Amino acid sequence: MTRPHHVPARSFAPPALVSRSRMHGLTLVELMVGLLLGLLTVLVITQILATSESRKRTIASGNDAQINGALAAYTLQRDIAMAGYGLAIKPDAMGCPLQGTFKLNAGATAETFASTLAPVEITDGASGAPDTVTILQSRTAGFSVPVTVTAQSSDYFTVQSSLGVKAGDLMVAIPDPWGVSAPCRLFSVTDDGAGTSSNTGLWALRVPHVEGALPSWNNNSALSAITASYLLNLGGLGYSSYSISSNLALQITTRTATAAGSTSELFPNIVNLQALYGKDTNNDGVVDTYDSSTPTTSAGWQQVLAIRIAVVARSTQYEPIKKADETDAVTQADPLWDLGASATVTGAAACHDGSKCLSIKVSHVPDWKHYRYRVYDTIIPLRNVLWNSAS
């Protein structure tokens, strides 16, 4: 009988005890240090994001200012380029005081219209305030030629020919000589019903201005008070006056031959408009000086060959000022209008790189130091005046 194999008993040692120092959690000091590091990280990230967002808004507002300023300058340039059509063809009449009385309907009060028979008239703003630029031109759909007057009656002009004139046209009676006591007068062409020979049209010898039919510019007592030498055909009145509104926007006031003036805002954040006459003072056909002095004679108006304008656009981003002395303000002084080195401009002073500059006022804008500004400059030749002077 086989004896069972004896298996010795095994002894098991108890597991080693883990040191208490390896089992404890974070101390209060360690927790506070971790929180501090986390807060510092969040603060740095927040500052970076805030700075990035601020720069993004500044860039975006700069783009807005660029768009508004460029569009404002382009609008003025396009309108001024057409100035004087139908008017400059008779240079001796430029500068004549232009007056008219318009009545829309029987119940309306007659409205007085007063301007200057000139392509562009600049009304200078006092002490750097924005200028007003008024543009006058013919709106006839056909052609505009002067009509010589041989005689005049109470309700019509006898002319050599009324080529291009039709009923409903707005015309200007030019006296010779003209002046304050003998201004140029607006009137509407009517069909007086006197037969084919009296109606306007090709080779007709009369231009009627009968009162009665409305709307009308006809004031026969005023027309009879002057002795007209010739007539200018405007067709429709092209009258535009650009200025800066109280809301700091470029605004336009327009008028037509059948409607009273209306004003509307075009582009926001346009804070200043400055304009200068470009004059050929030595009559060599080249502009040699720029100033804001409005001519008072026809000879003076004939020297005006161009208009130079500057439009100042403001950004929409309000930039805070942190320092008490405002040395960190984004705008410290009025912006400069760089006129170049060769231009002769009244009031300009040397500024940089040999250029001459004019300071353009923006300090009339509320909180003006908190915003950025851009100046847009262009020179617009008065092509209708230039074409006439070259003929």
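Identify all residues within segment 225-238 that are modelled with pLDDT of 90 or more and not hydrophobic (A, V, I, L, M, F, W, C); write none if there are none.
The answer is THR227, SER229, TYR230.
Just the residues that are surrounded by fewer than 18 Cβ atoms within 10 Å (Cβ to Cβ) and part of a strand (DSSP E or B), please, taken from segment 229-242.
Start the filter on segment 229-242 by keeping residues that are surrounded by fewer than 18 Cβ atoms within 10 Å (Cβ to Cβ), which leaves 229, 236.
Hit for segment 229-242 is SER229, nothing else.
Within 19 Å of CYS96 (Cα to Cα), in the same structural domain as LYS356 (by TED's automatic domain parsing) and assigned to a strand (DSSP E or B): does that describe TYR277?
Yes, satisfied.
Does GLN317 qualify as being surrounded by 14 or more Cβ atoms within 10 Å (Cβ to Cβ) and either farther than 24 Å from ARG78 by Cβ or not aromatic (Phe, Trp, Tyr) (or both)? Break it down into steps so the answer makes sense when it comes.
Details: surrounded by 14 or more Cβ atoms within 10 Å (Cβ to Cβ): yes; either farther than 24 Å from ARG78 by Cβ or not aromatic (Phe, Trp, Tyr) (or both): yes.
So GLN317 fits the description; yes.
So which of ALA108, ALA73, ALA88 ends up being more than 20 Å from GLY236 (Cβ to Cβ) and either of a type in the set (A, V, I, L, M, F, W, C) or modelled with pLDDT of 80 or more (or both)?
Working: ALA108 fails: more than 20 Å from GLY236 (Cβ to Cβ); ALA88 fails: more than 20 Å from GLY236 (Cβ to Cβ).
One residue alone meets the criteria, ALA73.
Does ILE67 satisfy the criteria of being among the β-branched types (Val, Ile, Thr) and modelled with pLDDT of 85 or more? Explain how you work it out, then say what you get.
Values: among the β-branched types (Val, Ile, Thr): yes; modelled with pLDDT of 85 or more: yes.
Spelling it out, ILE67 is indeed among the β-branched types (Val, Ile, Thr) and modelled with pLDDT of 85 or more.
Please go through segment 105-130 and pick out each residue that is crowded, with 22+ Cβ neighbours inside 10 Å and part of a loop (DSSP other than H, G, I, E, B).
Result: ALA118, PRO119, PRO130.
How many of the residues making up segment 69-84 are over 10 Å from the mean Cα position of the chain (by Cα) and buried (at least 23 other Cβ atoms within 10 Å of the Cβ)?
Final tally of qualifying residues: 3.
Quick one: SER264 ticks every box in (1) surrounded by 12 or more Cβ atoms within 10 Å (Cβ to Cβ); (2) under 16 Å from the mean Cα position of the chain (by Cα) bar one, so which box is it?
(1)
Suppose we filter ASP338, ASP367, ASP353, ASP334 for residues that are in the same structural domain as GLN77 (by TED's automatic domain parsing), in contact with an Asp or Glu (Cβ under 8 Å, 6 or more places away or on another chain) and more than 18 Å from LYS279 (Cβ to Cβ); which single one remains? Spell out how you get there, then give the answer.
On the way: ASP367 fails: in contact with an Asp or Glu (Cβ under 8 Å, 6 or more places away or on another chain); ASP353 fails: in contact with an Asp or Glu (Cβ under 8 Å, 6 or more places away or on another chain); ASP334 fails: in contact with an Asp or Glu (Cβ under 8 Å, 6 or more places away or on another chain).
Step by step, each of ASP338, ASP367, ASP353, ASP334 is checked, and only ASP338 is in the same structural domain as GLN77 (by TED's automatic domain parsing), in contact with an Asp or Glu (Cβ under 8 Å, 6 or more places away or on another chain) and more than 18 Å from LYS279 (Cβ to Cβ).
Can you name the residue in segment 158-187 that is at pLDDT below 90, touching a Ser or Thr at 6+ places or on another chain (Cβ under 6 Å) and among the polar types (S, T, N, Q) and, of all such residues, is surrounded by the most Cβ atoms within 10 Å (Cβ to Cβ)?
Result: SER162.
Does segment 272-286 contain any residue that is within 20 Å of MET82 (Cα to Cα), free of Cβ contacts under 8 Å to residues at least 60 places away in the same chain and β-branched (Val, Ile, Thr)? Please lay out each step first, then the result.
In the first step, residues of segment 272-286 are kept if they are within 20 Å of MET82 (Cα to Cα); the result is 273-280, 285-286.
Then keep just the ones that are free of Cβ contacts under 8 Å to residues at least 60 places away in the same chain; that gives 279-280, 286.
Narrowing further to those that are β-branched (Val, Ile, Thr): 286.
Yes, that holds for at least one residue.
Which of the residues spanning segment 131-146 are buried (at least 20 other Cβ atoms within 10 Å of the Cβ) and among the charged types (D, E, K, R)?
Matches in segment 131-146: ASP131 only.
Could you please find all residues in segment 373-386 being within 19 Å of the chain's Cα centre (by Cα) and either under 20 Å from ALA65 (Cα atoms) or surrounded by fewer than 20 Cβ atoms within 10 Å (Cβ to Cβ) (or both)?
Here is the first cut: in segment 373-386, the ones within 19 Å of the chain's Cα centre (by Cα) are 373-382.
Selection gives TYR373, ARG374, VAL375, TYR376, ASP377, THR378, ILE379, PRO381.
Those residues that are in contact with a Leu (Cβ under 6 Å, 6 or more places away or on another chain) and at pLDDT 90 or above, I need them from segment 129-157; list them, please.
Within segment 129-157, PRO130, ASP131 qualify.
The values are calculated or read from the model by the stated rules, or taken from the named source; none is laboratory data. Quantities reported herein were computed from a predicted structural model and do not represent experimental measurements. Here Cβ is always computed from backbone atoms with ideal geometry, including for glycine, and neighbour counts include all displayed protein chains.
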